[in-house]
Amino acid sequence: MKLQVPFIQLPLRFDSGRLADEVLAFDASAWRPHPQRLQGNFALPLITAGGDTESEAVVGAMRPTPHLARCPYLMQLLSRVGGVWGRIRLMKLAGHAEVSPHADLSYYWRDRVRMHVPIVTRPSVRFLCGEAEVNMAAGECWIFDNWREHQVINDHEDARIHLVADTVGSVAFWELFNRGRVPNRRPANWQAQLVPVDAHAQRDLRLESVNIPIVMTPWELHEHLQFLLGEARPHPQLAVVGQAAARFVTGWRAIWAQFGDDPQGWPAYRAALDGFAQQMERDAQGLQLVNNATFLKALRAIVLSAALRDRMRPDMGERMKENLPA
């Protein structure tokens with residue numbers, strides 16, 4: 001999700017020692033290598049599509065894996081933050097490894113924030129986002145703008161382990177956000193409240209069951225296209241692309257008025273979507289976004305792959321995931 005600032009620290013802190021006890025109890029076999037086999041990047045899935053420990057998908061009902069039940073304080077943490085949770089993993093970055101610079105481009109990431117709680121870390125671990133850089137201390141709670149280009153560098157010999165949790169938020173979550181702080185700015189009397197270990201604390205979690213439409217509504221489609229056009233760098237073709245996008249939304253709205261998401265309308269939606277995609281491949285080749293991604297890559301990820309699920313394959317959730325872990 002695009003934020004107004006690169007980093008926000010939420011006003012909560014957690015017992016990093018207790019979290020480390022839970023996390024370090026896992027056997028090495030529970031950790032999965034990155035799907036693209038990026039050196040030094042590993043994940044341990046806690047909430048996934050269908051609760052499948054082998055799944056990297058970001059489409060489907062999110063459910064706990066057996067690993068999560070072994071982490072009662074981590075569950076207390078998630079309940080206290082109060083989001084509606086999507087995919088959640090423990091992310092390990094080996095000593096002297098890094099997450100290369102990238103921006104998270106996918107439909108899933110347009111409306112979700114990524115929360116980090118460091119569990120095992122060092123003061124020298126660097127998290128860069130846009131022009132900003134922070135060291136997230138163990139037990140702190142952070143969110144960041146993953147639409148911006150970001151990078152993580154672990155220059156210590158020990159591994160870094162973070163809880164990395166994805167959420168659309170909730171009323172309670174965004175109230176925490178509003179009480180958060182920007183790095184290097186500490187409002188008067190601001191402090192992060194310690195959440196102590198409580199064996200009787202609430203641990204019921206609210207989990208995503210719906211995360212992609214069958215047919216994108218014209219209102220959502222318009223919002224995504226306006227967002228991408230607003231993120232584009234100046235270019236002579238930008239006006240042409242904007243006009244084509246407006247015509248596409250107008251046609252989509254007419255089909256929606258006739259069919260809604262009824263399968264009878266899917267052939268008309270598919271024809272409109274494929275026609276727009278072909279035009280964009282021709283007219284939008286030179287467009288770049290302010291986060292250094294290409295307009296076409298973002299358009300494919302956010303709109304073209306998600307506007308209609310008539311061709312949804314079992315691996316679609318895998319193919320729609322973000323570029324790299326952080």
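The values are calculated or read from the model by the stated rules, or taken from the named source; none is laboratory data. Predicted model only: the values in this text are computed from it and were never measured. All Cβ positions, glycine included, derive from the backbone under ideal geometry; neighbour counts span all protein chains shown. Ligands, DNA and RNA are excluded from the accessible area calculation, which covers all protein heavy atoms including side chains. Shrake-Rupley method; radii C 1.70, N 1.55, O 1.52, S 1.80 Å.
Look at F26 and say whether it is surrounded by fewer than 16 Cβ atoms within 10 Å (Cβ to Cβ), at pLDDT 95 or above, more than 30 Å from L228 (Cα to Cα) and aromatic (F, W, Y).
It is true that F26 is surrounded by fewer than 16 Cβ atoms within 10 Å (Cβ to Cβ), at pLDDT 95 or above, more than 30 Å from L228 (Cα to Cα) and aromatic (F, W, Y).
Checking V5 against (1) over 20 Å from the mean Cα position of the chain (by Cα); (2) under 24 Å from T121 (Cβ atoms); (3) modelled with pLDDT of 95 or more; (4) part of a loop (DSSP other than H, G, I, E, B), which single condition isn't satisfied?
(1)
Answer yes or no: is there a residue in region 198-215 that is among the charged types (D, E, K, R) and open to solvent by less than 20 Å² (accessible area, probe 1.4 Å).
Residues of region 198-215 that are among the charged types (D, E, K, R), as a first pass: 198, 203-204, 206, 208.
Retained after the next criterion (residues that are open to solvent by less than 20 Å² (accessible area, probe 1.4 Å)): 208.
The answer is yes; a qualifying residue exists.
Of everything in region 164-185 that's among the hydrophobic types (A, V, I, L, M, F, W, C) and free of Cβ contacts under 8 Å to residues at least 24 places away in the same chain, which residue is most open to solvent (accessible area, probe 1.4 Å)?
V171
Working carefully through the options L74, L68, L93, find the one that is under 19 Å from the mean Cα position of the chain (by Cα) and modelled with pLDDT of 95 or more.
Unique residue meeting the criteria: L93.
Checking the structure you have, find out if any residue of region 186-195 is buried (at least 18 other Cβ atoms within 10 Å of the Cβ), touching a strand residue (DSSP E or B) at 6+ places or on another chain (Cβ under 8 Å) and closer than 30 Å to R253 by Cβ.
There is no residue in region 186-195 that is buried (at least 18 other Cβ atoms within 10 Å of the Cβ), touching a strand residue (DSSP E or B) at 6+ places or on another chain (Cβ under 8 Å) and closer than 30 Å to R253 by Cβ.
Yes/no matrix, rows are residues, columns are (1) assigned to a loop (DSSP other than H, G, I, E, B); (2) small (G, A, S); (3) touching an Asp or Glu at 6+ places or on another chain (Cβ under 8 Å):
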| site | (1), (2), (3) |
| --- | --- |
| G95 | yes, yes, yes |
| R114 | no, no, yes |
| S124 | yes, yes, yes |
| W142 | no, no, no |
| E157 | yes, no, no |
| V164 | no, no, no |
| W174 | no, no, no |
| P183 | yes, no, no |
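Taking region 66-90 as the region of interest, how many residues are touching a strand residue (DSSP E or B) at 6+ places or on another chain (Cβ under 6 Å) and over 23 Å from L194 (Cα atoms)?
Applying the first criterion (touching a strand residue (DSSP E or B) at 6+ places or on another chain (Cβ under 6 Å)) to region 66-90 yields 67-68, 77, 80, 83-90.
Add one more test, that the residue is over 23 Å from L194 (Cα atoms), and what stays is 67, 86-87.
Of the residues in region 66-90, 3 are touching a strand residue (DSSP E or B) at 6+ places or on another chain (Cβ under 6 Å) and over 23 Å from L194 (Cα atoms).
Could you list, ordered by first residue, the pairs with Cβ atoms under 6 Å in which the first is in region 51-62 and open to solvent by less than 20 Å² (accessible area, probe 1.4 Å) and the second is polar (S, T, N, Q), at least 6 apart or interchain?
Here the result reads G51/T65; S55/T48, each pair linking region 51-62 to a residue that is polar (S, T, N, Q).
Looking only at residues that are in contact (Cβ under 8 Å) with a residue 60 or more places away in the chain and part of a loop (DSSP other than H, G, I, E, B) in region 63-86, which one is nearest to V164 (Cα to Cα)? Steps first, answer last, please.
Residues of region 63-86 in contact (Cβ under 8 Å) with a residue 60 or more places away in the chain: 63-64, 72-86.
From what's left, part of a loop (DSSP other than H, G, I, E, B): 82-83.
On the way: G82: 15, G83: 13 Å.
Per the criteria, the residue is G83.
Considering only region 279-302, state which residues are surrounded by 14 or more Cβ atoms within 10 Å (Cβ to Cβ), assigned to a helix (DSSP H, G or I) and more than 25 Å from the chain's Cα centre (by Cα).
The answer is Q279, M280, D283.
Scan region 238-278 for residues that are open to solvent by 50 Å² or more (accessible area, probe 1.4 Å), assigned to a helix (DSSP H, G or I) and farther than 22 Å from F295 by Cα and report the count.
Total meeting the criteria: 10.
Answer with yes or no whether E220 is over 22 Å from I8 (Cβ atoms), free of Cβ contacts under 8 Å to residues at least 12 places away in the same chain, open to solvent by 30 Å² or more (accessible area, probe 1.4 Å) and out of contact with any helix residue (DSSP H, G or I) (no Cβ under 9 Å at 6 or more places or on another chain). I'd like the intermediate steps shown before the answer.
Details: over 22 Å from I8 (Cβ atoms): yes; free of Cβ contacts under 8 Å to residues at least 12 places away in the same chain: yes; open to solvent by 30 Å² or more (accessible area, probe 1.4 Å): yes; out of contact with any helix residue (DSSP H, G or I) (no Cβ under 9 Å at 6 or more places or on another chain): yes.
Judged against the criteria, E220 is a match.
So, in region 186-211, how many residues would count as being touching a residue at least 24 places away in the same chain (Cβ under 8 Å) and on the phi > 0 side of the Ramachandran plot?
Qualifying residue count, region 186-211: 0.
Go through region 117-142 and give me each residue that's surrounded by fewer than 23 Cβ atoms within 10 Å (Cβ to Cβ) and within 22 Å of Q191 (Cβ to Cβ).
P123, A132, V134, N135, M136, A137, A138, G139, E140, W142
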